[in-house]
Amino acid sequence: MGARSQNMSRVLRDTSALVKIGMLSGVAVVLMLLDFPIPSLFPSFLKMDFSDVPAIIGTFAMGPVAGVIIELVKNLLKLIIGTNTAAVGELANFLVGTCYILPLGLVYQRWPNRRGVLLGCSLAVVSMTFFGSLLNCLIFIRAYAWALNVPIDNFVKLAAKINPAVENLGTLVVYAIAPFNLIKGIIMSVLGYSLYKVLTPLWRKLV
């Protein structure tokens with residue numbers, strides 16, 4: 001706990017880190033606004049976006065604390081811009097994104113090499129898929145239904161149009177939400193690390 005607090009204090013005192021976190025958070029909220037459905041694979045309420053990529057870049061460059069802060073600032077900015085889910089979507093995005101960032105950052109801090117990248121990304125994708133599914137099953141689908149004033153069955157029916165195996169909340173999570181998070185996590189891992197490597201020379205020249 002002490003080490004984590006020291007890491008957070010170090011990040012918050014570092015002007016260069018704060019500038020970079022601000023830049024990445026700004027890019028992240030723009031990417032969050034550019035979400036899009038994948039109608040042939042998933043129901044329309046599951047939308048893909050690339051807003052976790054800046055947080056992944058920040059995690060590789062500055063550690064897990066910076067990555068979590070980027071996730072937090074991104075969603076706070078999105079709330080300021082406007083939410084149509086009574087903040088449920090933003091809370092879900094932050095928590096699921098954090099479930100990805102923390103394993104990645106902690107592993108990469110321990111092994112800042114190819115092994116750390118592969119292991120960190122693998123654990124991050126598994127964590128995002130598992131906890132994203134669990135949180136949706138227990139909390140977020142019900143919260144979305146409340147925020148949008150629609151029955152949970154509406155989400156089930158939308159998913160069943162894509163995959164007839166979806167019959168209830170449980171199968172919705174298994175056949176729609178879990179695969180979505182798995183695919184999204186893999187895409188984010190590839191994009192995040194690739195862009196981090198490409199941007200590293202420029203990154204080092206920033207303040």
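The values are calculated or read from the model by the stated rules, or taken from the named source; none is laboratory data. Values in this document were obtained by computation on a predicted structure and should not be read as measured data. Note that each Cβ is placed from the backbone with ideal geometry, even for glycine, and that neighbours are counted across all protein chains shown. Protein only, heavy atoms only, side chains kept; ligands, DNA and RNA dropped before computing areas. Shrake-Rupley method; radii C 1.70, N 1.55, O 1.52, S 1.80 Å.
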Can you give me the ranges of the helices (runs of 4 or more DSSP H) entirely in the stretch 138-207 with at least 2 residues that are within 23 Å of Gly58 (Cα to Cα) and open to solvent by 30 Å² or more (accessible area, probe 1.4 Å)?
-> 178-205
Within the stretch 128-176, residues being among the hydroxyl-bearing types (Ser, Thr, Tyr) and touching a Ser or Thr at 6+ places or on another chain (Cβ under 9 Å) number 1
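Could you list, in sequence order, the residues of the stretch 150-167 that are over 24 Å from Ala86 (Cβ atoms) and in contact with a helix residue (DSSP H, G or I) (Cβ under 9 Å, 6 or more places away or on another chain)?
Ala160, Ile162, Asn163, Ala165, Val166, Glu167
Residue by residue, here is whether (1) touching a strand residue (DSSP E or B) at 6+ places or on another chain (Cβ under 8 Å); (2) open to solvent by 50 Å² or more (accessible area, probe 1.4 Å); (3) modelled with pLDDT under 95 holds:
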{"position": "Asp49", "(1), (2), (3)": "yes, no, yes"}
{"position": "Ala61", "(1), (2), (3)": "no, no, yes"}
{"position": "Lys74", "(1), (2), (3)": "no, no, no"}
{"position": "Thr83", "(1), (2), (3)": "no, yes, yes"}
{"position": "Thr98", "(1), (2), (3)": "no, no, no"}
{"position": "Cys121", "(1), (2), (3)": "no, no, no"}
Pairs only if they're at least six apart or on different chains, beta carbon under 8 angstrom, first in the stretch 74-90 and in contact (Cβ under 8 Å) with a residue 24 or more places away in the chain, second part of a loop (DSSP other than H, G, I, E, B) and among the β-branched types (Val, Ile, Thr); list them, first residue then second.
-> Gly89/Thr83
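Only one of Phe42, Phe36 is at pLDDT 90 or above and loosely packed, with under 13 Cβ neighbours inside 10 Å. Can you tell me which? If you could, list the steps in order and put the result at the bottom.
Numbers: Phe42 fails: loosely packed, with under 13 Cβ neighbours inside 10 Å.
Unique residue meeting the criteria: Phe36.
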Of the residues Lys184, Lys161, which single one is among the basic types (Lys, Arg), modelled with pLDDT of 90 or more and in contact with a strand residue (DSSP E or B) (Cβ under 8 Å, 6 or more places away or on another chain)?
-> Lys184
Could you give every pair whose Cβ atoms fall below 8 Å, whose first residue belongs to the stretch 111-135 and is closer than 17 Å to Met62 by Cα, and whose second residue is outside any helix (DSSP H, G or I), counting only separations of at least 6 or pairs across chains?
-> Gly120/Trp111
Among the residues of the stretch 100-110, write down those that are modelled with pLDDT of 95 or more and open to solvent by 60 Å² or more (accessible area, probe 1.4 Å).
-> Leu102, Leu106
